[in-house]
Ligand code: ADP
Ligand code: MG
C-alpha cells in the first residue's frame, strides 16, 4: 500500500485560508485598509469597481516595502508585526497573523507597486493564484498600491455566492466607515466606478463622525470622556432626539479596533433608558482604550468579537461614563450612579493611581463617582424637591434644611459641573410671561428663542421625580380624611393593592385593609381632592395593570409611573398664570426636565436662529 498523506499545494492551502479571512470584497477592503494604517500612512485612497468584484485598489503613502519584503508579504504567515509569542499579548497593530495578503493572492489577480522612502526605485509584482507572474523595478512614489482584480476568479463557487452589487457595496461602506472613523487623523477617500463617494479630510473625531454619518449630527453630539488607570473611554453619543427606529449608527472600538458587543451595547442603551422610547436606538461612537493584556487576543481578528478580562467592570464604566456625559448636558440624571458594591471595591477601581495620571484622573468625574462612593449622586440632587410645594400642596419642611447644605457642599467640591449644568437648564427656562395655548401648551420666550411646554407631559415628569424622592426617604405627608371612605375591589386588585400599600404610604396614601377585599382610605396626599380618593386609587390600579407587561420595571417603578401619569394635569385643563409659573419652575428644577419617564418630550425648543433661517433671514 502506498502512503496516502500529502501536503496540500501552496495555492490550494491559500484558497482554503482565504475562506476564513476573505469572505467577500468588504473583508479585503478591511485588510488592505488596516495594512495601510499599520504602515503609518496619512493618506489612503480606495477605488472599487463593481462593488469590489472587478477591482479593489488601495493606495497609501505609508512606509512601503523593500524588494524582498514585497515578495515575502504574499507568503502565508509572513508578517512584520510579531516576532515571538510574547508579542501577541502586546499587539498594537491592526493585523498580525500574516494571512491577508497570502489569502488575497490565492483568490484574485494582484498587482503590487511599492517603494520605501530610502530606496531609489520601487518594486512591481503581479501575482495570480499564488503564482508570481511578473516582478520588476518600477518608478513609484513612496508608499504602496495594491490592486486586486476579479476576486474569486478561480473559486467559482465562492464567486457565485457573492450578493448583488448594492449589497456588497453596502458591506464595503460599512467597513470603510468603521476603519476611517477610528483614524480621523488620516485622510481617506472611497471611489466606486469612478465616482468619489467619500472624501474625508483629516480632522477631529467629531468632524469625522459628521463627515461619515451626516450633518444632522453636527450639533447633536454629546462628548464622552473619562480617564482612569484601568481604562479610558472617549467618543460621542447622540442626543436623545437623534435616536432612530432602526439600529444603525452604533460603534464600539476597543484599542481602535471596531468590535460588536451586545453586552456593551446594553450598557449604553441602559444609560439612555429613561430618555428615549423603548424601541429606538441611540447613536454612539465610543472608544475604549485599555492594556491589550486585559483582552483575549485569541479571538479571531476578523470576527469583531472580543473578550475582556473583566466584562463587568467595563460594563459599569461604559454605563457610568455615558450617563455622566448625558447628565453634564443636562439631558439625564445621574441619580442612580451607585455602582454595584463589588465593582466599587474591585481592585481596578480602588487601585492607587500612578503619579502622572493622578492629577488628570482626579479631575475626572467618573473617578469621583467611584471614590466618593455613595455621595456620588449628591451633586445632581441639588434641586431635590426645592419647589415642589408650590404646585403640590403640603411641604415637607425639613426637606429644605437637608437639601441646602448638600447643595453648598456640591459647589465646594465640583463648582464647574454643578454650575454649568444649572446654567444650561436656566438658558432653556422661559421668562415669566407665559401663554397657555389650546389649554394644553405653555409657551414662553427664553434666551435663545421660545419654548413650548406640554403641560401634561411636564407635570408627569415633575410628579415622577417627586414620588421617586418620596420613596427614597422623604415621604409625602398625608392629609387625614374627615370621612374615611371604603373601597371594594376584586380579589386580584385587592392582592395587588396589598402589595403596593407600603410604598403608597410613602406617597401619602394611608390605606388600611378592612377584610374581604375591602380597604379604608384614611388619608391621601394633600393635592388629591377630598371625595376623589376612591377613583384616584381605582385609576391608579388600572394604569398599573397597563404597565404590567413591562417586565423590565420593578413593582415600585410601575407604581411611580402609574401614579405620575394618573395624577398629572390633563391636556385641556385651563391653568392660571400662577399655576403655569409654578409648573415651569418645578419642571426646570427636575433632574431630567426634558422628558417624561417614558421618554416623551416635555417641551420643544424653537431657536431664534432656526426660525430666522426658516423665514429666509
Ligand atoms: P499582517 O498585516 O497580519 O502582518 P498581511 O498579510 O496583511 O499580514 O501583510 C503582510 C505584511 O506585509 C505586513 O506585516 C507588512 O509588513 C507588509 N505590508 C502589507 N501591506 C502593506 C502596506 N500597505 N505598506 C507596507 N507594508 C505592508
Ligand atoms: Mg494585514
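Observations
- Some residue of the stretch 42-63 being at pLDDT 90 or above, more than 28 Å from residue 169 (Cα to Cα), within 15 Å of ligand 1 (Cβ to nearest atom) and out of contact with any strand residue (DSSP E or B) (no Cβ under 7 Å at 6 or more places or on another chain): yes
- Selection count, the stretch 321-330, where residues are modelled with pLDDT under 90 and part of a helix (DSSP H, G or I): 6
- Filtering 60, 69 for residues that are under 25 Å from residue 116 (Cα atoms) and crowded, with 23+ Cβ neighbours inside 10 Å leaves a single hit, 60.
- Test: residue in the stretch 543-564 that is surrounded by 17 or more Cβ atoms within 10 Å (Cβ to Cβ), at pLDDT below 85 and over 27 Å from the mean Cα position of the chain (by Cα): yes
- Taken together, 101, 151, 169 contain a single residue that is within 14 Å of ligand 1 (Cβ to nearest atom) and surrounded by 14 or more Cβ atoms within 10 Å (Cβ to Cβ), which is 101.
- Selection within the stretch 465-496 - in a helix (DSSP H, G or I) and either over 36 Å from the mean Cα position of the chain (by Cα) or not assigned by TED's automatic domain parsing to the domain that holds residue 540 (or both): 491, 492, 493, 494, 495, 496
- The set of residues in the stretch 55-104 that are part of a strand (DSSP E or B) and within 12 Å of ligand 2 (Cβ to nearest atom) contains only 58.
- Annotation note: Cβ proximity below 6 Å between a residue of the stretch 29-54 that is part of a loop (DSSP other than H, G, I, E, B) and a residue that is near ligand 1 (Cβ under 9 Å from one of its atoms) (sequence gap 6+ or interchain) occurs for 39/62; 39/63; 40/62; 40/63; 41/60; 41/62.
- Number of residues in the stretch 116-131 that are within 46 Å of the chain's Cα centre (by Cα) and assigned to a strand (DSSP E or B) equals 7.
- Top-ranked residue in the stretch 285-306 [being in a strand (DSSP E or B) and at pLDDT 80 or above; ranked as surrounded by the fewest Cβ atoms within 10 Å (Cβ to Cβ)]: 289
- The stretch 80-98 - residue that is crowded, with 17+ Cβ neighbours inside 10 Å and near ligand 1 (Cβ under 6 Å from one of its atoms) and, of those, nearest to residue 151 (Cα to Cα): 98
- Within the stretch 78-90, residues that are under 20 Å from residue 101 (Cα atoms) have Cβ atoms under 8 Å from residues that are within 11 Å of ligand 1 (Cβ to nearest atom) and assigned to a helix (DSSP H, G or I) in these pairs: 78/72; 78/101; 78/102; 80/69; 81/38, counting only partners at least 6 apart in sequence or on another chain.
- Condition met for residue 77 (more than 9 Å from ligand 1 (Cβ to nearest atom) and out of contact with any strand residue (DSSP E or B) (no Cβ under 9 Å at 6 or more places or on another chain)): no
The values are calculated or read from the model by the stated rules, or taken from the named source; none is laboratory data. Predicted model, so just to flag it, every value in this text is computed and none were measured. Don't worry about glycine lacking a Cβ; one is built from the backbone with ideal geometry, like all the others, and counts go over all protein chains shown.
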